[in-house]
Amino acid sequence: MHIAIAGNIGSGKTTLTELLAKHYGWTPKYEAVDYNPYLEDYYKDIPRWSFNMEVFFLKERFKDLLQLDQNMNKETIVQDRSIYEGVYVFTENNYKMGNMNERDFQTYMELFDSMTHILHYPDLMIYLKSSVPHLVKNIQNRGREYEQKMPLAYLESLNDLYEDFIYRKYKGKVLVVDVDDIDYLHSKRDFSGIIDKIDANLFGLF
């Protein structure tokens, strides 16, 4: 099986991925893209290099999915962020912000559409729904320096795109978990509540 965890920056994707992997004995899968040859140029001239950077990320994520597809017959994989939110949230946000022109964005989307013909939706996508104040609190608590100056408007834009992606564009099976008022890292009861929902969706239990 293939389980994907979706959610905005600071929503707790990596934490839940680790907890589910431990609970079920699943194999965690984290984004393999740790180097992008366009990144340095991108930050020097964002509009000029957005298309190149996003195509590179798309190519790498697609390669990861092809490899993941080969391994799913042997094991269940729980994935921290999917190719779909990379496209419908982060690349689309670059386009909305004017960092990618119409021609490049349409070319990018046509490339992604071609890829979807051989992609399979995850068996379940778990969307961690969070308000912006909750995201900000989590980001501040984990203390990553490069995240501390992230504009609120950026998080708000991503949140809007996540809602559009999950409720209007994504066609696979989704479990929405509102994380504002739960603490599944420290509360066994809250984590058990998520497990019950996953079991119900995957195995028809409860």
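Taking the charge dipole of the chain about its Cα centre, with +1 at Lys and Arg Cβ atoms and -1 at Asp and Glu Cβ atoms, the residue from M97, L185, L152 reaching farthest to the positive side is L185.
The residues packed around E54, meaning those with a beta-carbon under 12 Å from its beta-carbon, carry a net charge of -1 if Lys and Arg are +1 and Asp and Glu are -1.
Mean separation of Cα pairs under 8 Å and 6 or more residues apart, divided by the residue count, gives the chain a relative contact order of 31 percent. Summary of packing: across the peptides 64-72, 172-180, the per-residue average of other C-beta atoms within 10 Å ranks them, highest first, as 172-180, 64-72.
The 3J(HN,Hα) values that the Karplus relation (6.51, -1.76, 1.60; θ = phi - 60°) gives for region 107-116 are, in residue order, 4, 4, 5, 5, 5, 5, 4, 5, 5, 5 Hz. Gly and Pro appear as x. Here the gap between R103 and Y24, fully extended at 0.36 nm per residue and compared with their Cα-Cα distance, gives a gain of 24.0 nm. Amide H contacts for G7 (H built 1.01 Å from N in the peptide plane; partners 5 or more residues away or on another chain; cut-off under 5 Å): L128.
Gyration tensor analysis over the Cα atoms of the chain returns equivalent ellipsoid semi-axes of 28, 22, 15 Å (largest first, whole Å). With both labels modelled 7 Å from their Cα along Cα-to-Cβ, the K173 to R189 distance reads 2.9 nm. Report the local net charge at A200: Lys and Arg +1, Asp and Glu -1, summed over other residues whose C-beta lies under 15 Å from its C-beta. Combined, the nearby Lys, Arg, Asp and Glu give -1. A helix-only calculation puts the chain at -16000 deg cm²/dmol for mean residue ellipticity at 222 nm, using -39500 (n - 2.57) for each DSSP H run of at least four residues, averaged over all residues. Couplings for region 90-105, taken from phi via the Karplus curve 6.51 cos²θ - 1.76 cosθ + 1.60 with θ = phi - 60°, read 6, 5, 5, 5, 4, 5, 4, 7, x, 7, 9, 7, 4, 4, 5, 5 Hz in order; Gly and Pro are left as x.
The residues packed around D69, meaning those with a beta-carbon under 14 Å from its beta-carbon, carry a net charge of +1 if Lys and Arg are +1 and Asp and Glu are -1. Residue-wise HN-Hα couplings along region 2-18, as the Karplus relation 6.51 cos²θ - 1.76 cosθ + 1.60 with θ = phi - 60° gives them from phi, are 10, 10, 10, 10, 10, x, 5, 4, x, 7, x, 4, 5, 4, 5, 4, 5 Hz; Gly and Pro carry x.
Less than 5 angstrom separates the built amide H of H2 from those of I77, D123, L124, all sequence-distant by 5 or more or on a different chain. Between H120, M109, V87, the Cα set farthest toward the positive side of the dipole of region 53-146 (charges on each charged residue's Cβ, about the Cα centre) is that of V87.
Net charge dipole, the chain: roughly 280 debye, given to the nearest 20, about the Cα centre with Cβ charges of +1 for Lys and Arg and -1 for Asp and Glu. Separation of the alpha carbons by more than 26 angstrom is noted, of K29/K173; K96/K129; K44/K137; K74/K169, for K44/K137; K74/K169.
Helix 188-203 and the longest principal axis of the Cα set of the chain meet at an angle near 80°. Amide hydrogen proximity for V176: with H placed 1.01 Å from N in the peptide plane, the residues at 5 or more positions away or on another chain lying under 5 Å are Y127.
Laboratory data are not the source of any read-out in this text; all were calculated from the coordinates shown. The structure presented is a predicted model; accordingly, all values stated were derived computationally and were not measured. Cβ: placed from backbone, ideal geometry, glycine included. Neighbour counts: every protein chain shown.
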